[in-house]
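FYI, it's all coordinate maths here, none of it is from the lab. Predicted model only: the values in this text are computed from it and were never measured. Neighbour counts are summed over all protein chains in view; Cβ atoms, including those assigned to glycine, are modelled from backbone coordinates with ideal geometry.
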């Protein structure tokens, strides 16, 4: 039978003829039928190998501890980085949400102003249409006044034509009267 301990193989040979005290074959009762390797040199080599392996394992454990400590430091730093990133992300999210709310408020105000502007423009359009109507009426009245002025000019011309001669005659007679009065006086 071969038993492996670490990297060292220790062999025990089964020997039914080797008799030891404590059993039929001389081996202790729990190791009945197994003969131990008794060479001291072999034990020294095995012991040196085991000690070398223990030293190697101790170095590996020390290196693993250092690696684990470094990993813990890195994990802590990564955890802090992640926490900081989450805080920054949370802050950015809050800012974006606040901006989104403000944009919504501004959109509502712009929509309200647009509605007011449209309403006022409609009112102005109505007023301009009414002014256009009044201007049309004024144009009609001015045309009527022009017509009346033309009629008056015609009447005055007729009156001057009809009464102009009479007035000229009266003017001459008045001049004669004035001259007589001056001469007498």
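Note on segment 78-128: percent of Cα-Cα distances in each 5 Å bin, starting at 0 and stopping at the bin with the largest distance, equals 6, 16, 12, 10, 9, 9, 7, 8, 5, 6, 4, 4, 2, 1, 0.
Given 0.36 nm per residue, what is the gain on full extension from residue 52 to residue 93 after removing their alpha carbon distance, in nm? Present the calculation step by step, with values, prior to reporting the outcome.
Values: separation 41, 0.36 × 41 = 14.76 nm, distance 5.87 nm.
Extra length available between residue 52 and residue 93 comes to 8.9 nm.
In this label model, residue 72 and residue 41 are separated by 4.8 nm, measuring between points 7 Å along each Cα→Cβ vector.
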